[in-house]
Amino acid sequence: MTSKPPNRHENQQRPMSAKAKRLLGYYEQELALRFGKRTVPNYLHDVGEFLGWLSERGLELTEVRSQDLETYQNALLALRKRDGKPYSIGNQHNRLSAIKSLFRFLYQRGYVLSDPTTRLDYHLKEFRLPRVILTEKEARRVLDAANDTSPRGLRDRAILELLYATGIRATELANLKPWDVNLEERTLRISQGKGRKDRNVPLTTAACEAVEAYLELGRPQLLRSKKTPYLLLASEGGWLHRWILSRIIARYARKARIRKTVTAHTFRHSVATHLLRGRADIRHIQKLLGHESLKTTERYTHVEISDLRKVIARAHPRR
């Protein structure tokens with residue numbers, strides 16, 4: 001009998017054996033050393049659903065064969081959201097990546113004699129271009145909208161300038177410390193970024209000026225008597241949660257009368273696109289954004305429809 005595929009909307013995990021629970025505990029300790037606090041719960045959730053699926057079939061984790069994994073992969077293909085639509089291939093890749101990571105850990109530690117995931121191939125992943133990209137004029141309008149000289153206004157200007165200067169991820173931005181900024185060298189150190197990797201990136205003059213003004217006149221007022229170690233602070237001196245950051249960006253996008261949905265990732269996509277248009281080398285952009293694979297960066301090289309319209313208008317015989 002075929003088990004129904006795992007469902008992310010089921011709040012209760014399926015039961016698993018005591019042995020599987022013990023191995024999962026060891027794996028959780030390993031994850032905590034390798035990944036950030038946002039990644040670990042996602043891995044554990046996906047692995048937990050896989051272990052529950054095994055339990056339904058009467059299989060122990062140490063008994064899994066490559067055929068079992070292929071069956072599970074097919075079950076993922078049949079998985080549907082609440083609205084009846086299938087999950088993306090990327091979502092399936094994430095689930096399988098967690099399982100591959102689990103078995104690699106078990107094999108390296110000697111809990112299993114072989115790694116059954118070595119023959120497991122990912123389904124072809126769909127190619128997606130970034131959905132929202134700001135034009136250079138739109139990006140400038142959003143930045144210029146942050147013209148308040150209050151402590152929060154100075155913080156917001158620093159946030160926007162850092163996003164546009166470096167394409168930094170939202171979590172990386174929130175985790176910055178004051179000592180990560182070197183205003184003399186005009187560099188920013190991003191510690192423990194995605195994949196727990198560090199990188200140093202250059203800062204624009206505008207970003208340096210915004211951060212310097214915030215450090216001198218904004219942060220001390222927001223910090224008050226608290227001992228928060230982070231560079232960018234919430235209004236009460238606490239950590240800048242992602243939802244707070246999202247509201248800040250959206251507020252200035254509205255103020256600049258930008259009708260697009262603007263997020264931290266929008267700035268990330270936009271700076272990559274603008275640098276490419278300025279003839280920056282794609283490998284330099286890869287280093288700036290912290291992409292592990294050049295293929296991830298290459299999606300920005302595809303011609304946009306606006307550029308294509310200009311070519312058609314200039315060169316097509318029936319323009």
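Please treat every number below as a calculation from the coordinates, not as lab data. Treat the numbers as computed from the prediction; the structure is a model and nothing was measured. Here the Cβ is made from the backbone with ideal geometry for all residues, glycine too, and neighbour counts use every protein chain on show.
Taking into account only those residues within the stretch 239-259 that are in a helix (DSSP H, G or I) and among the charged types (D, E, K, R), which is surrounded by the fewest Cβ atoms within 10 Å (Cβ to Cβ)? Full working, then the answer.
Here is the first cut: in the stretch 239-259, the ones in a helix (DSSP H, G or I) are 242-255.
Checking the rest, the ones that are also among the charged types (D, E, K, R) come to 242, 247, 251, 254-255.
Details: Arg242: 14, Arg247: 10, Arg251: 14, Arg254: 13, Lys255: 14.
The extreme case among them is Arg247.
For the stretch 224-237, the set of residues classified as surrounded by 14 or more Cβ atoms within 10 Å (Cβ to Cβ) and out of contact with any Leu (no Cβ under 6 Å at 6 or more places or on another chain) consists of Thr228, Tyr230, listed by residue number.
Only one of the numbered conditions (1) assigned to a loop (DSSP other than H, G, I, E, B); (2) within 30 Å of Gly278 (Cβ to Cβ); (3) in contact (Cβ under 8 Å) with a residue 40 or more places away in the chain; (4) not acidic (Asp, Glu) is not met by Arg82, and that is (2).
Within the stretch 190-200, can one find any residue that is surrounded by fewer than 20 Cβ atoms within 10 Å (Cβ to Cβ), in contact (Cβ under 8 Å) with a residue 24 or more places away in the chain and of a type in the set (A, V, I, L, M, F, W, C)? No. Scanning the stretch 144-162 for residues that are outside any helix (DSSP H, G or I) and either under 26 Å from the mean Cα position of the chain (by Cα) or not hydroxyl-bearing (Ser, Thr, Tyr) (or both) yields Ala146, Asn147, Asp148. In summary, helices (runs of 4 or more DSSP H) completely within the stretch 165-235 and bearing 1 or more residues that are in contact with a Lys or Arg (Cβ under 6 Å, 6 or more places away or on another chain) and within 21 Å of Leu143 (Cα to Cα) occur at 170-174, 205-213.
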